[in-house]
Amino acid sequence: MQEVQSKAPWKEKIEKVKETLNFMQEYKDANVILGVTGDLQGSVLFAFPKEMALDMVKIMSGMKLDEIDNFVSSALGEIANIIGGNAVTNLASQNYSCDIVPPQVIIGKYKSPSV
């Protein structure tokens, strides 16, 4: 007799979360998670090394910054909103009704997420 194992959906979700957290450890300087709701649901992860994050904010604001602070965190969240907003606009042209939720910005290895 063959034993049948059922896969609990939550086990697969836990594995995906673990994979995401492991990925974020590699790019622990600045991560932004942007949720997508509607016809397509999920999350988009933006992971930035420190220098890239600071360079993007410099281009955006014209200010040279040396550390990832609250201003940089806010700007990274806005960059994710801009990219996500453009993506859901393009999806709408393909008859998908989607929206984005406010980004969660996670800075550094030990700092908690901001909403």
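Brief remarks follow.
- Residues (surrounded by fewer than 16 Cβ atoms within 10 Å (Cβ to Cβ), under 17 Å from VAL32 (Cα atoms) and aliphatic (A, V, I, L, M)) located in region 61-82: ILE82
- Residues that are at pLDDT below 95 and β-branched (Val, Ile, Thr), drawn from region 41-58: VAL44
- Those residues of region 92-101 which are of a type in the set (A, V, I, L, M) and either more than 12 Å from THR37 (Cα to Cα) or loosely packed, with under 13 Cβ neighbours inside 10 Å (or both), in sequence order: ALA92
Residues are listed down the side, and each one gets a yes or a no for (1) in contact with a helix residue (DSSP H, G or I) (Cβ under 6 Å, 6 or more places away or on another chain); (2) at pLDDT below 95; (3) not in a helix (DSSP H, G or I):
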position: GLY77; (1), (2), (3): no, no, no
position: ASN81; (1), (2), (3): no, no, no
position: GLY84; (1), (2), (3): no, no, no
position: THR89; (1), (2), (3): no, no, no
position: TYR96; (1), (2), (3): no, no, yes
position: ILE106; (1), (2), (3): no, yes, yes
position: SER112; (1), (2), (3): no, yes, yes
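The values are calculated or read from the model by the stated rules, or taken from the named source; none is laboratory data. Every value quoted in this text rests on a predicted model; they were computed, and no experiment measured them. Every residue, glycine among them, receives a Cβ derived from its backbone with ideal geometry; neighbour counts consider all protein chains shown.
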